[in-house]
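> First the structure, which I've put down as structure tokens, then a few questions once you've had a look.
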Amino acid sequence: MEKKQYVLGTYGRAPIQMERGEGSFLYDTTGKRYVDFCAGIATCCLGHCHPVVVGALEEQAHKLMHCSNLYGIPGQEELAELIVREVVGLDGQVFFCNSGAEANDGIIKVARRFGHRHPAADGSPRFEVITFNKSFHGRTLGSMAATGQKKIQVEFDPLLVGFRYVDFNDMAALRAAVGKETCGILLEAVQGEGGVNPVDADFLRGVAELCREKDLLLMIDEVQCGFARCGKMMGWQAVCPDIEPDLISCAKGIGGGFPMGCFWVSNRAIDAHGTTLSSIMTPGSHGSTFGGTPLACAVSKAVVSEILRLDLAARAKKLGEYMKQTVEGWQLPCVEKVRGLGLLRGVALRPGRFAVPEGKTPAAYVSELCREVGLLACPAGADTLRLIPALNIPEDVLNEGLDILRSVLSKLA
């Protein structure tokens, strides 16, 4: 018996209830099987109930699940080293939290402290972070204010001050927006929630140059793009590997389905005295009760190690190109193009090419039609259907999902 009346209605849920998962399949309470092209919105990177995840969870649960961050946690240090050396590939330090929104709040705090230590010419602190229209950075008060989408901010004002939004991939608009209060620029390698819009390589390189020119922090949100999703361990590496970010937020794929997030802070010197950016975050400046528990770190280390061992970044790049070529190869009139990188893809639907029931967006309607015939795919904005399967999805299952998608889109066409 459903008891949804006891759950706060903050989600527009589909009329199904999930009971179990296995690899790239989900099963609802009626036993119906679905090919999962959603993967917990890029979270279940190894699929559902992967033995590596289950094994690490079970083994660590018998040792130690939680202790305070007042004490050293060896698993944190081991995981941080793995992330610094093998994922980011740049010298820095890591703070562990529970979600992408928390991670973004964390890097916003670092940027503000940097802006106090490096004030404007008149001595006033710099606190403004420039973000982009159609971006998404979370739903806490801080990360929501950073998000360039008014629809998620309705009736939550007054928002946290200190954010300015400009059009994505527009260098002239960005340069014009930088003011004396600006301390950083925050962007996603691919705007996952905003329509699966990748950053242009020239634009990203230009942002990095602008940050050095104006003494700003380059802040990259890798919550949905990171951990091999876009064809490299970090999304920005797939676009412009020669840049060096100052701050990176991560979550989703880092835990393979277990609640986990982190942010990375560069060790680069920020003044003539050799002060590092990471060193400005001192004891008491930030914290999290459940951030980096022994249990979370054990699971995350197992997940990240498996991604690296199997080189799932290269696999994501290969399969992502295959998906793009396959869908565009159908030449269906309702499909405009396929955007994205790696296994973060968006099927852009042509508005007006098919009838949509009143009150639904084209993407939500197509997602509903797919679900009815056994494929789970989520919208990304009004006109884009997002395809984000597990990084290790078997090729026959991938093709099964694509066949379902073609059937649905062909009927629309």
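Residue by residue, here is whether (1) within 28 Å of D105 (Cα to Cα); (2) acidic (D, E); (3) in contact (Cβ under 8 Å) with a residue 12 or more places away in the chain holds:
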| position | (1), (2), (3) |
| --- | --- |
| G256 | yes, no, yes |
| R268 | yes, no, yes |
| P283 | yes, no, no |
| S288 | yes, no, yes |
| E306 | no, yes, yes |
| K324 | no, no, yes |
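> For segment 206-228, give me each residue that is on the phi > 0 side of the Ramachandran plot and either surrounded by fewer than 17 Cβ atoms within 10 Å (Cβ to Cβ) or not assigned by TED's automatic domain parsing to the domain that holds C262 (or both). Spell out how you get there, then give the answer.
Going through segment 206-228, the residues on the phi > 0 side of the Ramachandran plot turn out to be 215, 227-228.
Listed by number, the list holds a single entry, D215.
> Within segment 135-147, which residues are within 13 Å of G192 (Cα to Cα) and of a type in the set (G, A, S)? Step through it out loud before you land on a result.
As a first pass, look at segment 135-147 and keep what is within 13 Å of G192 (Cα to Cα): 135-138, 147.
Within segment 135-147, S135, G138 meet the criteria.
> Taking only segment 347-400 into account, find how many residues are touching a Leu at 6+ places or on another chain (Cβ under 7 Å) and of a type in the set (G, A, S).
4
> Working carefully through the options K109, K134, K180, K214, find the one that is under 25 Å from A348 (Cβ atoms) and of a type in the set (K, R).
Numbers: K109 fails: under 25 Å from A348 (Cβ atoms); K180 fails: under 25 Å from A348 (Cβ atoms); K214 fails: under 25 Å from A348 (Cβ atoms).
Exactly one of K109, K134, K180, K214 is under 25 Å from A348 (Cβ atoms) and of a type in the set (K, R), namely K134.
> While we're here: Is segment 327-338 home to any residue that is over 24 Å from Y34 (Cα atoms) and part of a strand (DSSP E or B)?
yes
> Output the residue which, of all residues in segment 280-303 that are assigned to a helix (DSSP H, G or I) and among the β-branched types (V, I, T), is nearest to V94 (Cα to Cα). Outline the logic, then answer.
Initially, segment 280-303 is screened for residues assigned to a helix (DSSP H, G or I), giving 280, 294-303.
In the following step, the residues that additionally are among the β-branched types (V, I, T) were identified as 280, 299, 303.
Details: I280: 13, V299: 17, V303: 17 Å.
Within segment 280-303, the match that is nearest to V94 (Cα to Cα) is I280.
> Of all the residues that make up segment 31-89, how many are of a type in the set (D, E, K, R) and in contact (Cβ under 8 Å) with a residue 40 or more places away in the chain?
As a first pass, look at segment 31-89 and keep what is of a type in the set (D, E, K, R): 32-33, 36, 58-59, 63, 77-78, 81, 85-86.
Imposing the further condition that a residue be in contact (Cβ under 8 Å) with a residue 40 or more places away in the chain reduces the set to 32-33, 36, 59, 63, 78, 86.
Count: 7.
> Another question about this same structure. Scan segment 1-33 residue by residue and report those that are of a type outside the set (D, E) and within 22 Å of L312 (Cβ to Cβ). Talk me through it step by step, then tell me what you get.
Step one: of segment 1-33, the residues of a type outside the set (D, E) are 1, 3-18, 20-21, 23-27, 29-33.
Of everything in segment 1-33, those that are of a type outside the set (D, E) and within 22 Å of L312 (Cβ to Cβ) turn out to be G21, G23, S24, F25, L26.
> Something else about it: Before we move on, is D157 acidic (D, E), surrounded by 13 or more Cβ atoms within 10 Å (Cβ to Cβ), within 27 Å of N197 (Cβ to Cβ) and out of contact with any Lys or Arg (no Cβ under 8 Å at 6 or more places or on another chain)?
Numbers: acidic (D, E): yes; surrounded by 13 or more Cβ atoms within 10 Å (Cβ to Cβ): no; within 27 Å of N197 (Cβ to Cβ): yes; out of contact with any Lys or Arg (no Cβ under 8 Å at 6 or more places or on another chain): yes.
No; evaluated as a whole, the condition is false for this residue.
> Kindly check whether there is at least one residue in segment 346-361 that is assigned to a strand (DSSP E or B), in contact (Cβ under 8 Å) with a residue 24 or more places away in the chain and farther than 11 Å from L385 by Cβ. Don't jump to the end; show me each part of the working.
Going through segment 346-361, the residues assigned to a strand (DSSP E or B) turn out to be 346-349.
This time we only want the ones that are in contact (Cβ under 8 Å) with a residue 24 or more places away in the chain, so: 346-349.
Checking the rest, the ones that are also farther than 11 Å from L385 by Cβ come to none.
No, every residue in segment 346-361 fails to be assigned to a strand (DSSP E or B), in contact (Cβ under 8 Å) with a residue 24 or more places away in the chain and farther than 11 Å from L385 by Cβ.
> Continuing with the same structure: Go through segment 32-60 and give me each residue that's over 20 Å from the mean Cα position of the chain (by Cα) and either among the polar types (S, T, N, Q) or part of a strand (DSSP E or B) (or both).
Within segment 32-60, R33, Y34, V35, Q60 qualify.
The values are calculated or read from the model by the stated rules, or taken from the named source; none is laboratory data. All of these numbers come straight from a predicted model, not from anything done at the bench. Every residue, glycine as well, gets a Cβ built from its backbone with ideal geometry; the counts of neighbours run over all protein chains shown.
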